[in-house]
Amino acid sequence: MSHTHKNLLIIGAGVEAYEGIKVAKSMGLGLIIVDGNAQAPGLALADWSIIESTYNGLAILKKAQELISRGIKVDGIIAMCADVPVSVATLTTALDLPGPSLESAHLVADKMAMKQRLHDSGIPIPKFESVASYKEVIAAAEYVGLPLVIKPVDSRGARGVLLLDHPDQFEWAFHTAQRESPTGRVMVEEYLPGPQISTETLIDDGRCHTLGFSDRNYEWLEKTRPYIIENGGDAPTSLTDAQQRDVVDTVERAALALGIHRGVAKGDMVLTPEGAKVIEIAGRLSGGYFSTIQIPLFTGVPFIEMAIRLALGEHLPPEAVVPRQHQAVAIRYLDLPAGALASLEGLDEAKSAPGVHMLKLFVGAGDTLTAVVNHTQRAGFVITTGADKQQAIERAHHALALVKVSYAQE
């Protein structure tokens, strides 16, 4: 399908978004790209740039309307690896373009509103409770049980999300979570045992195509508690076909219950002894190179292109959203102790190790590392493929082990 003379407005131009922006460019679209950082790498591919906070939908709208008044039309809007549903909905609503309603955007941006809607729709979720003070955490713990998870109602990147085992932690944890909430609101929820799964679904006017399905890896949890830091994920899943169907059915019902009828729904799911339950749904393309790199490697489907077509109001041909392959894929993060980095060596060797598709470090010599307390602070990652899941995981560990780090002497 020709996309000549169509313009796409993309919110987010950071390092992860860059991979998705390259796809949009290859589709022959004119690109209006928005980021608060004038040095964001994705802006290099823009035909028109808007330097504005990705969270300020009204300011973005004003600048988009200025472009429209100059004869530069906007045919679709998408967030690229940026969790800004309200900004997207503000623009799509005002410009009468395909996308989420403001109500749906609010439901995915506000975790209390999301849980309430899912609960009212009969979707299985953990027990949850809003808490306005640490004393209310004590009362809520009676209801949800221990261990419990405390989190800001409206933050992202696992900031302020804590796994608590003991009432002694409640006061500190409440204030930690509250600091990460723009509105100062905090909630607690039941900690659900069982394998956790990342999903990603394309939704074409209510028709769901769940192509992303990856087992999440929490092997760091015993070390990082109370912080919940994921160490990547892998596909194909270890779940049985029946368990996969349960997860997919649950996540698709949840997305539709939240009003996501066109676009993308990213699911954080857990398979409990009672069946699949929803931790959270985001109405956007995932970060962590899941939508941009991992799903295409696993399925052979150009996932970002499909999401862009939905944003432009196009329908997806059925054959375009059927997986063409099931290649094993793993992502693992580099685990570095805190301290001042003196040198990093072995990168070229690591990048050319067997099965390595992408390896990136976010730190360099001279940087001082602190203990990781949220997902934005991880030091680097590798994405690998293999003949099977085990080989992909082993290749990821092997490549990261080739990165040699030395620290400055105290």
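State which residue is nearest to the chain's Cα centre (by Cα) when the search covers only the stretch 113-123 and only residues that are touching a residue at least 12 places away in the same chain (Cβ under 8 Å) and under 22 Å from S286 (Cβ atoms). Give the steps one after another, and end with the answer.
Start the filter on the stretch 113-123 by keeping residues that are touching a residue at least 12 places away in the same chain (Cβ under 8 Å), which leaves 114-115, 117-118, 121, 123.
From what is left, the residues that are under 22 Å from S286 (Cβ atoms) are 114-115, 117-118, 123.
Working: M114: 16, K115: 18, R117: 21, L118: 20, I123: 21 Å.
Among them, the one singled out is M114.
For A59, which of the numbered conditions (1) at pLDDT 95 or above; (2) of a type in the set (A, V, I, L, M, F, W, C); (3) within 20 Å of the chain's Cα centre (by Cα) fails to hold?
Of the numbered conditions (1) at pLDDT 95 or above; (2) of a type in the set (A, V, I, L, M, F, W, C); (3) within 20 Å of the chain's Cα centre (by Cα), the odd one out for A59 is (3).
Considering each residue of the stretch 146-170, count those that are touching a Lys or Arg at 6+ places or on another chain (Cβ under 8 Å) and more than 13 Å from R185 (Cα to Cα), and give that number.
3
Being among the small types (G, A, S) and modelled with pLDDT of 95 or more is the filter here, so list the residues in the stretch 102-112 that pass it.
Residues satisfying the conditions are S104, A105.
Taking Q409 as the residue in question, decide whether it is open to solvent by 80 Å² or more (accessible area, probe 1.4 Å) and farther than 16 Å from A235 by Cα.
Values: open to solvent by 80 Å² or more (accessible area, probe 1.4 Å): yes; farther than 16 Å from A235 by Cα: yes.
Answer is yes for this residue.
State which residue is farthest from the chain's Cα centre (by Cα) when the search covers only the stretch 339-390 and only residues that are polar (S, T, N, Q) and part of a strand (DSSP E or B).
Applying the filter and picking the extreme gives S343.
Applying the selection to the stretch 7-18, what residues are of a type outside the set (A, V, I, L, M), open to solvent by 10 Å² or more (accessible area, probe 1.4 Å) and in contact with a strand residue (DSSP E or B) (Cβ under 9 Å, 6 or more places away or on another chain)?
Of the stretch 7-18, the ones of a type outside the set (A, V, I, L, M) are 7, 12, 14, 16, 18.
This time we only want the ones that are open to solvent by 10 Å² or more (accessible area, probe 1.4 Å), so: 7, 14, 16, 18.
Once the filter is applied, which keeps residues that are of a type outside the set (A, V, I, L, M), open to solvent by 10 Å² or more (accessible area, probe 1.4 Å) and in contact with a strand residue (DSSP E or B) (Cβ under 9 Å, 6 or more places away or on another chain), the stretch 7-18 yields N7, G14.
Test each condition in (1) modelled with pLDDT of 95 or more; (2) over 28 Å from A276 (Cβ atoms) for V88 and report the one that comes out false.
Status for V88: all satisfied but (2).
With respect to V23, is the statement that it is closer than 29 Å to H357 by Cα, assigned to a helix (DSSP H, G or I), open to solvent by 20 Å² or more (accessible area, probe 1.4 Å) and among the aliphatic types (A, V, I, L, M) true?
Judged against the criteria, V23 is a match.
Look at the stretch 68-105 and say how many of its residues are over 24 Å from E16 (Cα atoms) and under 18 Å from the mean Cα position of the chain (by Cα).
Result for the stretch 68-105: 1.
Of all residues in the stretch 308-328, count the ones that are surrounded by 16 or more Cβ atoms within 10 Å (Cβ to Cβ), of a type outside the set (S, T, N, Q) and closer than 25 Å to D388 by Cβ.
2
Could you tell me which of the residues I295, I331 is part of a helix (DSSP H, G or I) and either touching a residue at least 24 places away in the same chain (Cβ under 8 Å) or open to solvent by 20 Å² or more (accessible area, probe 1.4 Å) (or both)? Steps first, answer last, please.
Working: I331 fails: part of a helix (DSSP H, G or I).
Criteria check complete, one pass: I295.
Does I393 satisfy the criteria of being open to solvent by less than 60 Å² (accessible area, probe 1.4 Å) and either part of a helix (DSSP H, G or I) or in contact with a Cys (Cβ under 7 Å, 6 or more places away or on another chain) (or both)?
The answer is yes for I393.
Please tell me if V301 is open to solvent by less than 20 Å² (accessible area, probe 1.4 Å), under 29 Å from P152 (Cα atoms) and not hydroxyl-bearing (S, T, Y).
So V301 does not fit the description; no.
Here is a yes/no grid of residues against (1) in contact with a helix residue (DSSP H, G or I) (Cβ under 6 Å, 6 or more places away or on another chain); (2) polar (S, T, N, Q); (3) buried (at least 20 other Cβ atoms within 10 Å of the Cβ):
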site	(1), (2), (3)
V153	yes, no, yes
D165	no, no, no
E171	yes, no, no
G194	no, no, no
T199	yes, yes, yes
R207	no, no, no
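The values are calculated or read from the model by the stated rules, or taken from the named source; none is laboratory data. A quick note: this is a predicted structure, and the numbers were derived from the prediction, not measured. Virtual Cβ from ideal backbone geometry, glycine too; neighbours counted across all protein chains shown. The area values use the complete protein model at the heavy-atom level, side chains included, leaving out ligands, DNA and RNA. Shrake-Rupley method; radii C 1.70, N 1.55, O 1.52, S 1.80 Å.
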